[in-house]
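Bear in mind these aren't lab numbers, they're just calculated from the coordinates by the rules spelled out. No experiment lies behind these values; they were computed from the predicted model shown. FYI the Cβ positions are ideal-geometry reconstructions off the backbone, even for glycines, and counts take in every protein chain you see.
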Amino acid sequence: MPLPDLTNRESLALDLEHTTENLWALVNRYAAHLTLETDDPARADLRDLVVAMRSLDTIGARLAPELYRPAEQRRGTLDVDEDG
């Protein structure tokens, strides 16, 4: 199904949503399999990515709340808040 004509603001919001959705999937994948191996990403690095995603989500929702927010809200939670 083709996308409707989007304004520049909506187009940017959609691009941000695609970017943060991809990052969310990556962070979720790495968080689920963290070990004590030295080549694993640090939990703190994953938390930093979550902070960046939340900032991008805020911008996307401000640009096009009717378009962006429903997409952003369908995500689950990420388990990177606790060291362990």
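Listed values, structure above:
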read-out: Mean Cβ count within 10 Å, highest first, over the residues of peptides 18-26, 60-68; value: 60-68, 18-26
read-out: In order through region 56-62: 3J(HN,Hα) via Karplus (6.51 cos²θ - 1.76 cosθ + 1.60), integer Hz, x for Gly, Pro; value: 5, 4, 4, 5, x, 5, 5
